[in-house]
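Engineer: To start, I am sharing the structure in question, which I have written as structure tokens.
The values are calculated or read from the model by the stated rules, or taken from the named source; none is laboratory data. If you're wondering where the values come from, they're calculated on a predicted model, not measured in any experiment. A quick note on method: Cβ atoms are made from the backbone with ideal geometry, for glycine too, and the neighbour counts reach across all protein chains shown.
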């Protein structure tokens with residue numbers, strides 16, 4: 001047998017094996033980084049309590065938000081799991097997503113409803129910026145569609161409103177990829193970003209990465225589509241990413257860019273998407289990292305509970321107890337913020353186990369295609 005032909009066949013089989021592994025392997029590093037991204041968002045929100053005594057800290061942390069990374073992760077995992085299934089029905093997909101997202105969202109919403117009731121009868125609580133007009137849009141997951149004119153109740157939860165709408169749209173996106181190819185969705189994504197950037201740079205529109213209750217659904221579209229494209233192209237991406245070094249660099253660059261006011265397209269759009277691609281590609285290619293450690297991988301399941309729980313926990317421990325009742329300030333308040341963060345992380349760990357035990361396994365545990 002010709003050695004050249006034999007070598008080429010071996011190389012082709014090696015590439016094919018890498019592609020199959022990239023298409024079916026259970027990936028954890030993207031989810032682990034979601035936890036650290038949630039911690040960064042927690043630090044941002046808690047820093048606002050320190051603004052009076054430490055304005056420089058608040059100014060540095062106030063720009064940190066990895067919500068766009070979460071949108072990209074969601075699109076990536078949804079397509080990674082479903083892309084190569086021979087068929088997919090909409091009902092089970094929506095049901096599993098709803099079961100995973102809604103119970104904790106409803107619990108935190110009811111917590112704020114209790115605060116509304118208590119504030120109406122106890123003047124010592126000092127009131128709340130939320131109103132009863134916020135309740136129905138929040139419960140029905142429509143509060144990312146401009147249905148309320150303020151960030152109210154558990155304000156990070158607008159992300160769930162946008163994400164659930166994108167979940168409903170996913171089957172149509174998958175059909176488009178199967179029918180017309182991934183290039184059609186890539187073209188659509190680029191056109192959407194160009195339109196958003198034109199509205200921001202040449203019009204009076206805010207940057208799309210700042211949208212939340214004011215049509216945050218629009219914010220989620222480009223990065224969600226980018227995550228789907230990463231999953232679609234992962235077998236081609238993975239062989240070219242040999243280590244996690246570039247992924248670490250992308251995370252650090254995004255964090256520094258957010259803290260220093262770098263162009264929002266770069267630090268909220270391009271870098272978070274690149275981060276998902278670099279992490280997924282490196283892991284699918286078998287690169288080694290501490291992020292793949294069995295014990296550390298578990299924190300990936302804490303990210304969603306931490307994202308939702310850190311604000312209501314701060315409402316009790318920081319807002320009402322530390323600031324309004326005890327009137328803490330300075331370094332004592334910093335200590336209270338750190339203690340509250342620890343409570344939030346512990347509560348997230350507990351909540352992740354509760355969700356895993358109370359809901360069907362397919363809804364809470366990610367499996368390969």
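Engineer: Looking at residue 229 and the list (1) under 18 Å from residue 66 (Cβ atoms); (2) modelled with pLDDT of 95 or more, which single condition is not satisfied?
Structural biologist: The one condition residue 229 does not meet is (1).
Engineer: Condition check: under 20 Å from residue 317 (Cα atoms), modelled with pLDDT of 80 or more and buried (at least 20 other Cβ atoms within 10 Å of the Cβ). Does residue 80 satisfy that? Quick ask: steps written out before the conclusion?
Structural biologist: Numbers: under 20 Å from residue 317 (Cα atoms): no; modelled with pLDDT of 80 or more: yes; buried (at least 20 other Cβ atoms within 10 Å of the Cβ): yes.
Taking the combined requirement at face value, the residue does not satisfy it.
Engineer: Going through 311, 323 one at a time, which residue ends up being under 22 Å from residue 155 (Cα atoms), in contact (Cβ under 8 Å) with a residue 60 or more places away in the chain, out of contact with any strand residue (DSSP E or B) (no Cβ under 7 Å at 6 or more places or on another chain) and surrounded by fewer than 21 Cβ atoms within 10 Å (Cβ to Cβ)?
Structural biologist: Numbers: 311 fails: surrounded by fewer than 21 Cβ atoms within 10 Å (Cβ to Cβ).
Just one listed residue meets the conditions, 323.
Engineer: Continuing with the same structure: Look at residue 296 and say whether it is part of a helix (DSSP H, G or I) and over 29 Å from residue 207 (Cα atoms). Write out each step before concluding.
Structural biologist: Numbers: part of a helix (DSSP H, G or I): yes; over 29 Å from residue 207 (Cα atoms): yes.
So residue 296 fits the description; yes.
Engineer: May I ask you to list the residues in region 153-179 that are assigned to a loop (DSSP other than H, G, I, E, B) and without any contact (Cβ under 8 Å) to a residue 60 or more places away in the chain? Walk me through it before giving the result.
Structural biologist: So the first thing to find is which residues in region 153-179 are assigned to a loop (DSSP other than H, G, I, E, B), and the list is 153-154.
The answer is 153, and nothing else.
Engineer: Only one of (1) part of a loop (DSSP other than H, G, I, E, B); (2) surrounded by fewer than 16 Cβ atoms within 10 Å (Cβ to Cβ) is not met by residue 136, so which one is it?
Structural biologist: (1)
This table checks each residue for (1) without any contact (Cβ under 8 Å) to a residue 12 or more places away in the chain; (2) closer than 15 Å to residue 231 by Cβ; (3) in a helix (DSSP H, G or I).
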site	(1), (2), (3)
48	no, no, yes
56	yes, no, yes
59	yes, no, yes
65	no, no, no
68	no, no, yes
75	no, yes, yes
78	no, yes, yes
92	yes, no, yes
97	no, no, yes
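Engineer: In addition: If you take the residues of region 270-299 that are under 17 Å from the mean Cα position of the chain (by Cα) and surrounded by fewer than 23 Cβ atoms within 10 Å (Cβ to Cβ), which of them is farthest from residue 247 (Cα to Cα)?
Structural biologist: Of the residues in region 270-299, the ones under 17 Å from the mean Cα position of the chain (by Cα) are 270-280, 297-299.
This time we only want the ones that are surrounded by fewer than 23 Cβ atoms within 10 Å (Cβ to Cβ), so: 270, 274, 297-298.
Numbers: 270: 13, 274: 8, 297: 16, 298: 20 Å.
Filtering first and then ranking leaves 298.
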